[in-house]
Amino acid sequence: MLPRVRIIFENGALKQLAASENGVLGIVATGAAVVDMFALNIPYKITKFSDLEDDLGITELNNPGIYKVVKDFYDEVKSMQDIDATEENTTLWIMGVADTISLANMADIDNVAYGKAMIQAAKGALRGIILKRTPAPGYTPTVTDGLDSDVFTAIDNAHELCEWATNTMNAPLFAVIEGRSFNDDADDLLDLTTKKCNRVAVLIGDTEPGANAAVGLLAGRIACSGVQRNVGRVRTGKLNISAAYVGSIDVSLADSAGIHDKGYITLREHVGRDGYFFTDDLLATDSDDDYNTLMKRRTIDKACRIAYNTLLNELLDDIPVTDAGTLTPTYAKSVETLVVNDIVSNMTNNGELGNDPADQDDKGVKCTIDYTQNVVTTGKWNVVLKVKPRGCNKYIDVQLGFQAVTV
């Protein structure tokens, strides 16, 4: 076995009740080749919407599916960053695939031509992968549990793919899948809280009526949000869209609550606020899972990347030891400090961890190394790393009444 640094994710600690590098995403979507400019099954990197046509030759006419998902992405990025098109500098990876390729195929870890190829080409830079399909005309979906059955196979495949990227490439990853062919009935949907796929989100809802999902819009909101931030956060502001539909139904009449309760992300309105918002940032897992939302997943994944990068410097290094062959307390403490300082600099100071501002000692992270480990005999020592996520105001109850009047 090669020398390595491995991060092992703990789960069960939170006991929950029932554009920066943080937002580098890759999109795998149905497309068509453009002669001498854009080939299928090849990953491309762009940084602004105009690159789509200028560099890849992709237009709304020759690639309507890719065009829409990328336009939705950059429209939301521009809205979030308050910039014009000439100032865009948000990296996005794109891969086009044939219309015969299913969502499940895109995410299949055993198929090296699609999602896996993009992850490898990006060399660990991707934080999330987005899957969208536009089948050939005449395609008839097999609707099971309210969606094209392809979606549910893709969930399992995407989770396995993301776990592979995390454990093999040390590049933690999440996936967002288009909830295709929604039959407009939330009651029919498979309950995603019964699954254990805490690296996968499914979006239902689009900017136009039909059975698709605006995954580019969600990707744009993710790309410009801190890892600790819920994509449905009202204070962030409305989505940069003028209409919203859930399946074929206008969002104002849709059962957004029922879809949310089944573990999906969808669109909604808020009374007293103009525009449209995401309902939440749920992942396809149960409510007791520490990583049941994108904000928790992205937070722990960022901590993982930082700790890996810091500890990698210690790999195969010669270190001082005691007469018993154990780590010296001074060395162990120095490594603890390195890890904590790097996470504080890159997360706590950015407001991405839930430290108490009133407590100077609360940095939102704790690192502990047991210096009694015999490193001479085993060549191994274990690190315990804990980070504290920020909270999220999901339910606010107000007791309202008249103030008693003293006569």
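The values are calculated or read from the model by the stated rules, or taken from the named source; none is laboratory data. None of these values were measured; they are calculated from a predicted model. In this analysis, Cβ positions are derived from the backbone assuming ideal geometry, glycine residues included, and neighbour counts consider all displayed protein chains.
Computed values, structure above
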read-out	value
Per-region count, region 137-172, residues in a loop (DSSP other than H, G, I, E, B) and among the aromatic types (Phe, Trp, Tyr)	1
Tally, over region 31-42, of residues that are crowded, with 20+ Cβ neighbours inside 10 Å and either touching a strand residue (DSSP E or B) at 6+ places or on another chain (Cβ under 6 Å) or assigned to a helix (DSSP H, G or I) (or both)	1
Test result for residue 307, surrounded by 19 or more Cβ atoms within 10 Å (Cβ to Cβ) and outside the structural domain of residue 162 (by TED's automatic domain parsing)	yes
Of all residues in region 235-254 being more than 27 Å from residue 81 (Cβ to Cβ) and more than 24 Å from the chain's Cα centre (by Cα), the one that is surrounded by the most Cβ atoms within 10 Å (Cβ to Cβ)	254
From 175, 186, 171, residue being among the aliphatic types (A, V, I, L, M) and more than 18 Å from the chain's Cα centre (by Cα)	186
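Residue-wise test of (1) in a strand (DSSP E or B); (2) surrounded by fewer than 20 Cβ atoms within 10 Å (Cβ to Cβ); (3) of a type in the set (D, E, K, R).
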position	(1), (2), (3)
53	no, yes, yes
69	no, no, no
77	no, no, no
95	yes, no, no
101	no, no, no
104	no, no, no
110	no, yes, yes
